[in-house]
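Written out below as C-alpha cells is the structure these notes cover.
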Amino acid sequence: MIQRYKGIGGSDIAALCGLSTYKTPYQLWMEKRRIAPPSLTQEESDYLLFGRLLEAPIAKVFAKRTGRTIERVRKTFKHPVHPFLLANIDRRQLDPLRTRAASGVLECKNINAFKRREWAQGGVPVPYYMQLQHYLAITESEYGSFAVLFGGNEHYYFDVERDDLVINRIVALCCDFWEHVQAGTPPDMTYNKAGQELIKKLCAKASPGGREMILETPEAMAKARRLIRLDLQLDVKGAEAKELEAWFKWEMQDAVQCLIPGVAKFTWPGGEQKRIDPDALRKAYPLIAAEVEKKIPTRRFSYKTLEQIAQEPEQEDSQPLIITSGVRQISL
C-alpha cells in the first residue's frame, strides 16, 4: 500500500490519462497526496480479489496453449530515467518464435463474461492497452500479452506490440502529473461522469452564510449560453449539459449563487435530506427507525436568465429566489 504513494503504477494510468469512468486525475492526485484514501467500487474489489486468486491458473493455461515459458517476478520495476514510474507485472514470458525480442510482459485478467464481445470485436480496451504500454516502457520490453478469463470458463489471450508513440505520451503525462503531486498543486478538474461524482462529494455542502459570486470571464459566459440552449432543446440535452453543469458547480464550490453578467444567474443552495441508514437500521428495531436517521447534504443546481429576473417583482434579500426553469435535484 505504501508503494502506491511513492510513484505511478500501472493501475493509475487510465485515471491519469483521463480514460477511467471511475476516477479522475484530480481524485488520483488527492490519493497520491494522501488527502483521500484509494477508492474502489465493490465490484472492482471483488474482481481484484478473484483476479489475484486466479492469476496462477490463468497464466498456466496461457503457457500451455502458447508454448511459451512464463516466470513470476516478485519485484517492483522502475523506469530507467523516471524512477517514480513503477511496474508490478504479473509474469515475464519468453516466446521461442521471436528471434529479436527477448522476454515480454504477461498480464492475467479476470473479466466479466459480458465484456467478452468488447474484447473480441474491438481488441484490448484502451485502459488496459495503456497500462500494458506503461509496463513495456518500464521493463524495456518489446511485446506483451493479456491472458483473459471471461466469466470463469472462457480463456483467451491477446498479444500486444510495443507502441513508442503511445509510450512517449504516457511518460509525458506522468511526468506532468508527478510534478503536480510533488508541488501540491492539483491538476485541472475533468467534468465527465467520474468528475461529476467527485464534484458532488467535494462540494456537498453550501457555505453557511450563503456566499455569492460573479463570473465575468468569456469562458463562463460562453458556457452559460451553451447550457441554456441545451436546456431549451430537451431532445438533445445529455452528457454535454451535465459536463457544463459540473463546470459551474466546480467554479462555485460552496457558493449558493453565481452571476454571469448579461447572461444568467445560477443558484445551488444547500439543504439536507433525512434518510434511514440501512446499516444502522439492521441493528435497530423498525419502530425506532427515527433514532437512526442519517442526514445527507443535498443541493439543487438551477439558473434563470437575466431577462427572467428582470421581469420578476423585486424580493427582499431574505426571501428565497423562485426557481422557474433549469431545475435539477442533486442527490448526494
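Just so you know, all these numbers are worked out from the coordinates, no wet-lab data involved. This is a predicted model, so every value here is computed, not measured. No Cβ is skipped: glycine too gets one built from the backbone with ideal geometry, and neighbour counts run over all protein chains shown.
If you restrict to DSSP beta bridges whose two residues both lie in region 2-183, what percentage is antiparallel, to the nearest 5?
70 percent
Dipole size in debye (nearest 20) for region 2-183 around its Cα centre, Lys and Arg Cβ +1, Asp and Glu Cβ -1? Don't skip to the end; give the middle numbers.
Values: 25 positive and 20 negative charges, 104 e Å.
About 500 debye.
Taking a point 7 angstrom from the Cα of Leu49 along the C-beta vector, which residues in region 56-95 have backbone N less than 19 Å away?
Zone members listed by number: 56-57.
Based on the Cβ-Cβ distance from Leu165 to Ala56, what FRET efficiency comes out when R0 is 41 Å, to the nearest 0.05?
Plugging the Cβ-Cβ distance into 1/(1 + (r/R0)^6) gives 0.75.
With 10 angstrom as the radius, rank Ser207, Ser11, Ser20 by how many other C-beta atoms surround their C-beta, starting from the fewest.
Numbers: Ser207 13, Ser11 18, Ser20 21.
Going from least to most buried by this count: Ser207, Ser11, Ser20.
So between Ile296 and Arg72, what do we pick up on full extension, going 0.36 nm a residue minus the alpha carbon distance? If you can, show how the numbers build up before the last one.
Details: separation 224, 0.36 × 224 = 80.64 nm, distance 4.71 nm.
Residue separation times 0.36 nm, minus the Cα-Cα distance, leaves 75.9 nm.
On a full-extension model of 0.36 nm per residue, what is the gain between Thr21 and Leu94, subtracting their alpha-carbon distance, rounded to one decimal in nm?
Length gained, Thr21 through Leu94: 22.9 nm.
Could you sort out which of Lys6/Lys242; Lys249/Lys274; Lys32/Lys60; Lys78/Lys201; Lys23/Lys223 sit more than 32 Å apart by Cα distance in this structure?
Correct reply: Lys6/Lys242; Lys32/Lys60; Lys78/Lys201.
Apply 1/(1 + (r/R0)^6) to the Cβ-Cβ distance of Asn153 and Gln308, taking R0 = 51 Å, and write down the FRET efficiency to the nearest 0.05.
0.30
What residues have an amide H closer than 5 Å to that of Arg91, excluding those fewer than 5 places away on the same chain, when H is modeled at 1.01 Å from N in the peptide plane?
Leu106
Lys274 versus Val126, label points 7 Å from Cα toward the beta carbon: distance in nm?
4.6 nm
Hey, can you grab everything whose amide H is under 5 Å from the amide H of Tyr303? Only 5+ residues off in sequence or another chain; H modelled, so Pro and N-termini drop out.
Thr267, Ser325
For the ranges 185-197, 247-259, 164-176, what's the packing order if you count other beta-carbon atoms within 10 Å of each residue, average per peptide, and put the highest first?
247-259, 185-197, 164-176
I need the phi-derived Karplus couplings for region 264-271: 6.51 cos²θ - 1.76 cosθ + 1.60, θ = phi - 60°, integer Hz, Gly and Pro marked x.
Couplings: 6, 10, 9, 10, 8, x, x, x Hz.
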